[in-house]
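*Asks:* There's a structure below that I have some questions on.
The values are calculated or read from the model by the stated rules, or taken from the named source; none is laboratory data. Quick caveat: nothing in here was measured; it's all calculated off a predicted structure. Using ideal geometry, Cβ is built from the backbone for each residue, glycine included, and neighbour counts are taken over all protein chains shown. All accessible areas refer to the heavy atoms of the entire protein, side chains included, with ligands and DNA or RNA removed. Shrake-Rupley method; radii C 1.70, N 1.55, O 1.52, S 1.80 Å.
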Amino acid sequence: TGNAGTNDKMILVPFNFAQKLMDTTGAQRFVVMLDDINNTAAAQQALTQQLKAVGLNVEIKTWRDLSSFYNQVAGLFNMIFTFIFCIVFTVIVMSIVNTMSISVVERTREIGTLRALGFKKFQIVYLFILEGSILAALGVGIGVLISVAVATGIDIAHIEYTPPNSSGPVPLVIALNTSQMAVTFILAVLLAALAAAWPSLSASRKPIHSALIHV
């Protein structure tokens with residue numbers, strides 16, 4: 001079975017032989033093995049419809065329904081990863097806000113110069129929002145490219161490891177979540193835009209002579 005906990009408790013025999021041992025001509029259950037577990041729900045629905053179409057009223061349970069241990073472990077890891085994500089996200093938010101705020105404050109004289117040349121307040125804020133958005137987009141884009149390159153390299157290397165309670169090695173596969181990448185990209189750009197808008201709006205409201213002599 002691939003599981004060390006069941007290899008010493010289960011035996012694989014021909015179906016006819018199992019029927020003779022149980023003194024029956026029927027079967028208690030049928031197990032359908034899927035090539036891709038991501039299609040579990042679709043396969044369950046398709047099998048249910050096909051069996052009902054021929055008059056068989058059966059109950060179909062997926063491997064997730066039968067594996068309470070897996071669901072508990074998955075829930076534990078999801079909680080751990082969510083906690084780590086919150087910590088990393090907080091650090092990233094503070095880094096972006098701090099970087100953009102320092103960048104605006106250090107360029108207060110430039111803002112004063114632009115205001116003296118006739119730039120409106122909203123134009124200055126727009127420039128800083130555009131700059132912050134572009135920097136965030138470039139940073140996240142480079143990060144995505146590095147992640148894809150590393151994941152591809154690991155998949156090509158065919159790295160294997162033996163997980164706990166397993167009787168054999170399994171391949172290490174890196175699954176990239178494109179939807180989360182897209183959400184992260186949009187969130188980082190919006191956050192950088194907001195982080196640039198607030199200090200630039202405050203700096204653009206300063207009197208021009210105060211901005212020009214700002215230290």
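*Asks:* When you look at residue 89, is it of a type in the set (Phe, Trp, Tyr), out of contact with any Asp or Glu (no Cβ under 9 Å at 6 or more places or on another chain), open to solvent by less than 100 Å² (accessible area, probe 1.4 Å) and at negative phi, yes or no? Give the steps one after another, and end with the answer.
*Replies:* Numbers: of a type in the set (Phe, Trp, Tyr): yes; out of contact with any Asp or Glu (no Cβ under 9 Å at 6 or more places or on another chain): yes; open to solvent by less than 100 Å² (accessible area, probe 1.4 Å): yes; at negative phi: yes.
Against the criterion (of a type in the set (Phe, Trp, Tyr), out of contact with any Asp or Glu (no Cβ under 9 Å at 6 or more places or on another chain), open to solvent by less than 100 Å² (accessible area, probe 1.4 Å) and at negative phi), residue 89 qualifies.
*Asks:* Only one residue in 10, 33 is more than 31 Å from the chain's Cα centre (by Cα), at pLDDT below 85, closer than 21 Å to residue 166 by Cβ and aliphatic (A, V, I, L, M), so which one is that? Please lay out each step first, then the result.
*Replies:* Numbers: 33 fails: more than 31 Å from the chain's Cα centre (by Cα).
From the options 10, 33, the qualifying one is 10.
*Asks:* If we scan the stretch 184-193, do we find a residue that is surrounded by 13 or more Cβ atoms within 10 Å (Cβ to Cβ) and more than 26 Å from the chain's Cα centre (by Cα)?
*Replies:* no
*Asks:* Exactly one condition in (1) in contact with a strand residue (DSSP E or B) (Cβ under 8 Å, 6 or more places away or on another chain); (2) open to solvent by 70 Å² or more (accessible area, probe 1.4 Å) is false for residue 2; which is it?
*Replies:* In the conditions (1) in contact with a strand residue (DSSP E or B) (Cβ under 8 Å, 6 or more places away or on another chain); (2) open to solvent by 70 Å² or more (accessible area, probe 1.4 Å), residue 2 misses (2) alone.
*Asks:* Go through the stretch 14-29 and report how many residues are modelled with pLDDT of 85 or more, aliphatic (A, V, I, L, M) and surrounded by 10 or more Cβ atoms within 10 Å (Cβ to Cβ).
*Replies:* 2
*Asks:* Look through 109, 64, 115 and report the one residue that is basic (Lys, Arg) and under 14 Å from residue 201 (Cβ atoms). It would help to see each step written out before you state the result.
*Replies:* Working: 109 fails: under 14 Å from residue 201 (Cβ atoms); 64 fails: under 14 Å from residue 201 (Cβ atoms).
Only one candidate qualifies: 115.
*Asks:* Right, another one. Any idea which of 138, 114, 145 is at pLDDT below 90, among the aliphatic types (A, V, I, L, M) and out of contact with any Lys or Arg (no Cβ under 7 Å at 6 or more places or on another chain)?
*Replies:* Every option except 114 fails the conditions.
*Asks:* Is there a residue in the stretch 87-104 that is modelled with pLDDT under 85, over 20 Å from the mean Cα position of the chain (by Cα) and among the small types (Gly, Ala, Ser)?
*Replies:* yes
*Asks:* Something else: If we scan the stretch 134-154, do we find a residue that is farther than 22 Å from residue 82 by Cα, touching a residue at least 60 places away in the same chain (Cβ under 8 Å) and open to solvent by less than 70 Å² (accessible area, probe 1.4 Å)?
*Replies:* No, that holds for no residue.
*Asks:* Could you give me the residue pairs with C-beta distances under 7 Å whose first residue belongs to the stretch 191-203 and is more than 10 Å from residue 105 (Cα to Cα), whose second residue is open to solvent by less than 20 Å² (accessible area, probe 1.4 Å) and among the small types (Gly, Ala, Ser) wherever it lies, and which are 6+ apart or on separate chains?
*Replies:* 192/132; 192/136; 193/132; 195/132; 196/132
*Asks:* Next question, about the same structure. Scan the stretch 12-40 and report the pairs whose first residue is within 23 Å of residue 60 (Cβ to Cβ) and whose second residue is surrounded by fewer than 10 Cβ atoms within 10 Å (Cβ to Cβ), with Cβ atoms within less than 6 Å and a gap of 6+ or a chain change.
*Replies:* Listed by first residue and then by second, the contacts come to nothing, as the list is empty.
*Asks:* Considering only residues of the stretch 30-72 that are within 29 Å of residue 16 (Cβ to Cβ) and among the β-branched types (Val, Ile, Thr), which is least open to solvent (accessible area, probe 1.4 Å)?
*Replies:* 62
*Asks:* Which of the residues that make up the stretch 155-170 are surrounded by fewer than 11 Cβ atoms within 10 Å (Cβ to Cβ) and outside any loop (DSSP other than H, G, I, E, B)?
*Replies:* 156, 157, 160, 161
*Asks:* Here's a follow-up. Among the numbered criteria (1) more than 23 Å from residue 88 (Cβ to Cβ); (2) assigned to a helix (DSSP H, G or I), which one does residue 214 miss?
*Replies:* (2)
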